[in-house]
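Worksheet: the structure to be examined is printed underneath.
Readers should treat all values here as calculations from the given coordinates under stated rules, not as data from a laboratory. In this text, all values refer to a predicted model and were calculated from it rather than measured experimentally. Cβ placement follows ideal geometry from the backbone for every residue including glycine, while neighbour counts extend to all protein chains displayed.
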């Protein structure tokens, strides 16, 4: 599917309405985040059936989108930010194929997931913790499990500069770790993953996003 004409789209009403009522900040964040993150591209790469783990799910927009697009997905979103988890949890209502958990992936009663997604997570985690996290994700996945990672590349440089500026504005107190694509592939390999496909996810966007599709090796 060609997503070149779908970037910077408004958040679908079916997703936004799940969060109502929202504060002005929540409305701004949800709308802006949707416009700047290629959720539709990510969703198109995820199996339509099975258990899906969304690690670092934030307000849960991708989790909700995955669950909405297929009732045969069972989506589990997890994040360590209690404020964001509170917002995400109230979007569930009585739906049976989506759940949110506050905590680390180690706090889950894990059975095999068919796929896991991580969007804009790894550059918030310091070097000595990244491989530990990825190995935890590795243990959560089934034998042919898929790991989809959206993160920041350093190229093209002008897009990286814009990405850095936005991240610094939204996370003024956080230190950020931006890794070259080759370095990220090395970390994935040492954590038990093989990178099968790399997709430039910045088409039509002012951000240096790249999507890595990995399998357990």
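Quick look at the numbers
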{"read-out": "In nm, spacing of pseudo-spin labels at residue 155 and residue 9 (7 Å Cα→C-beta vector)", "value": "3.0"}
{"read-out": "The range 13-216: relative contact order in percent, alpha carbon pairs under 8 Å with at least 6 residues between", "value": "18"}
{"read-out": "For the range 11-64 and the range 161-205, distance of Cα centres in Å", "value": "19"}
{"read-out": "The range 113-204 - percent relative contact order, Cα under 8 Å, separation 6 or more", "value": "37"}
{"read-out": "At R0 = 30 Å, FRET efficiency that the Cβ-Cβ distance of residue 20 and residue 144 yields, to 0.05", "value": "0.20"}
{"read-out": "FRET E, pair residue 132, residue 194, Förster distance 25 Å, beta-carbon r, rounded to 0.05", "value": "0.85"}
{"read-out": "Shape of the range 21-117, Cα gyration tensor, a/c cut at 1.5", "value": "oblate"}
{"read-out": "Mean projection area, nm², convex hull over Cα of the chain", "value": "11.3"}
{"read-out": "Sites residue 99 and residue 40 - FRET efficiency at Förster radius 30 Å, r taken between beta-carbons, to 0.05", "value": "0.85"}
{"read-out": "Computed [θ] at 222 nm, helices only, for the chain once each DSSP H run of length n ≥ 4 contributes -39500 (n - 2.57)", "value": "-10500 deg cm²/dmol"}
